[in-house]
Structures are given as structure tokens and as C-alpha cells.
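Taking it in order: structure first as C-alpha cells, then the write-up.
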Amino acid sequence: LWVTAVGAGRRMRPFGLGGSKRVSDLLREGGISAARRSSWPAIVDADDRVVWLPGVRASEHAPLPHGGAPATLLLFTDGTDHS
């Protein structure tokens, strides 16, 4: 897995949607401001597929298995003071 900036033109297959959607649309729907969308981090796999947008959506390409199998927890913070 790799962390990269979203950039322009990427698509993702969100878990449960049954199709693909533009990452910029997913970020907008997730409440990410237009100014921050192009630099928002994306987790991509070896095939360069977006598998997770931290704080926004997960992909159908990397769902967590049923039954509580072990998973890695990645924490993301945007550095914004939310106090």
C-alpha cells in the first residue's frame, strides 16, 4: 500500500456502491473543501487503485473480512485544530 495525493482524474469503487465514482466527488460529498481536495491523501494498492480515502470512504477492493479478522489501523490527521 502507498500513500499519495489524490491528484486529478482518479476514480474509486466505493464499498457497497456497485460502481465507480470520481474521487473528487467522493471528497466533496465527504465535506472536504475544494481547496484541500487535490492534496487529500489516498491509499493506493500495487495496481494503483484507490483503496481508501482517509476519513471519507473505503473501496470495494479492500473490504474488511467478516468475522473480525486482523486488520491494520492507519490513523490520519489533517493537522486542523478541532478544539
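The values are calculated or read from the model by the stated rules, or taken from the named source; none is laboratory data. Fair warning: this is a prediction, and the values are worked out from it, not measured in the lab. Note that we place each Cβ from the backbone using ideal geometry, even for glycine, and neighbour counts take in every protein chain shown. Calculation scope for accessible area: heavy atoms of the full protein, side chains included, ligands and nucleic acids excluded. Shrake-Rupley method; radii C 1.70, N 1.55, O 1.52, S 1.80 Å.
Summary of computed values
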| item | result |
| --- | --- |
| Separation of the Glu60 and Asp25 label points, Cα + 7 Å toward Cβ, nm | 1.4 |
| Ranking by accessible area, most exposed first, for Glu60, Glu29 with a 1.4 Å probe | Glu29, Glu60 |
| Cα-projected label distance for Leu17 with Leu1, points at 7 Å along beta-carbon direction, nm | 1.9 |
| Two-site label geometry, Ala8 and Ala34: point separation in nm, points 7 Å out along Cα→Cβ | 1.4 |
